[in-house]
1. Looking at LEU114, LEU121, can you tell me which residue is at pLDDT 85 or above and farther than 14 Å from LEU78 by Cβ?
2. Report those helices (runs of 4 or more DSSP H) wholly inside the stretch 6-119 carrying at least 3 residues which are small (Gly, Ala, Ser) and in contact (Cβ under 8 Å) with a residue 24 or more places away in the chain.
3. Looking at the stretch 1-55, which of the residues that are of a type in the set (D, E, K, R), surrounded by 12 or more Cβ atoms within 10 Å (Cβ to Cβ) and more than 42 Å from the chain's Cα centre (by Cα) is nearest to ALA84 (Cα to Cα)?
Amino acid sequence: MIENLKRVRELLSWVAIGLTVLGMGLTVWRLVTALNEMSVFQAFQEVGSGWLNFSIALLLVVLVLSCSLVAPATPRALLLAKLAAVVLSLGVLLTLVSVLMGMWASAAGIGVVLDVLGGLLDVGFKAITAGAIWVFLRGVKAGRIGTASPTAARPSPTPAAPQSEQSSVEPVEPVATTWSRDRAAGAVWWTAADAAAGAPARDKMPESEEPTTLA
């Protein structure tokens, strides 16, 4: 599911920008219609909070930032960020003008204070969404914020050992350390005491005297 969202996040960003602009267009139509029925101040008070939908604005910020910060970055990530920042800033500005214009149509006394505070609070929340993108763009331009790579990172293969190093290593034949029958063949000792004492062996037995005949 996450991979599917990564593939369509740029398309969703364009849709969110389109919905925001469409909402502003409908608000302009409402303002023109209201001007034919009431005063200017009352008309701006009527459409004050309709210039920018906070839920769509927050969703737009998340989508636009994900296009640049989540790897792999989309091809038009920075263009989307700039366009979203301009659209949100325009919505915040129109909302602020409507709040200030509608203040003159509010009831006298405490009603004016409540309307202004409520309107400014709404403007403040919407200004945070636009300001987040402007801060991001400024950080990218200054080099303090790094964006994701446009291509997915792939693990690099392990390099094989050079052919020269492989050929230079030759197997070493084991040295025989066991007793060899061929090497001991023909070696004799004069007596068993010499063999036990480690005396060198002789090739043949010494010539002995002629055997004596027993009576």
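1. Working: LEU114 fails: at pLDDT 85 or above.
The unique qualifying residue is LEU121.
2. Details: elements: 40-46, 54-69, 77-102.
Output list reads 54-69, 77-102.
3. Narrowing the stretch 1-55 to residues of a type in the set (D, E, K, R): 3, 6-7, 9-10, 30, 37, 46.
Checking which are surrounded by 12 or more Cβ atoms within 10 Å (Cβ to Cβ) leaves us with 6, 9-10, 30, 46.
Subset that is more than 42 Å from the chain's Cα centre (by Cα): 30, 46.
Details: ARG30: 23, GLU46: 26 Å.
The residue in question is ARG30.
The values are calculated or read from the model by the stated rules, or taken from the named source; none is laboratory data. As the structure is a computational prediction, the values presented were derived from the model and not from experiment. In this analysis, Cβ positions are derived from the backbone assuming ideal geometry, glycine residues included, and neighbour counts consider all displayed protein chains.
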